[in-house]
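Data first, discussion second: the structure below is written as structure tokens.
The values are calculated or read from the model by the stated rules, or taken from the named source; none is laboratory data. Here the structure is a predicted model, which means the values were calculated and not measured. Here the Cβ is made from the backbone with ideal geometry for all residues, glycine too, and neighbour counts use every protein chain on show.
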Amino acid sequence: MPAAGSPRSRRRSLAGERITTTLLAPELDFVYRPMSVLQPFSRGGAQRYALEEIARDIDADLIKDGCKWLDASRRVVHTEQEAQIEYDALLLALGARPFPRFTMR
């Protein structure tokens, strides 16, 4: 039973079983990188959160795959592994990719 006030309980109270949530992620961990800038100074590092636990907490399906392209007119997400996921509503949180630091010559 979800805790009162949790995203899962609010969604269930509003929509019941009529909606489902799917998380599509290329990795099974969400890495929160802002604190990693302190790592060279022995003061922290990137925090990791298991997406399986997050998905379970919000009663969502988790698919380990990446978004390759989006067909908005058909409401379909095409994944890196050639799957197609249909949707009614979509939230894209694409994140960022780290690059090597800038070096001067």
Of all residues in region 70-105, which are closer than 20 Å to I19 by Cα and not in a loop (DSSP other than H, G, I, E, B)? V76, V77, Q84, I85, E86
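If you scan region 45-73, which residues turn out to be small (G, A, S) and in contact with a Lys or Arg (Cβ under 7 Å, 6 or more places away or on another chain)?
A46
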If I go through region 24-69 residue by residue, how many of them are part of a helix (DSSP H, G or I), modelled with pLDDT of 95 or more and among the basic types (K, R)? 0
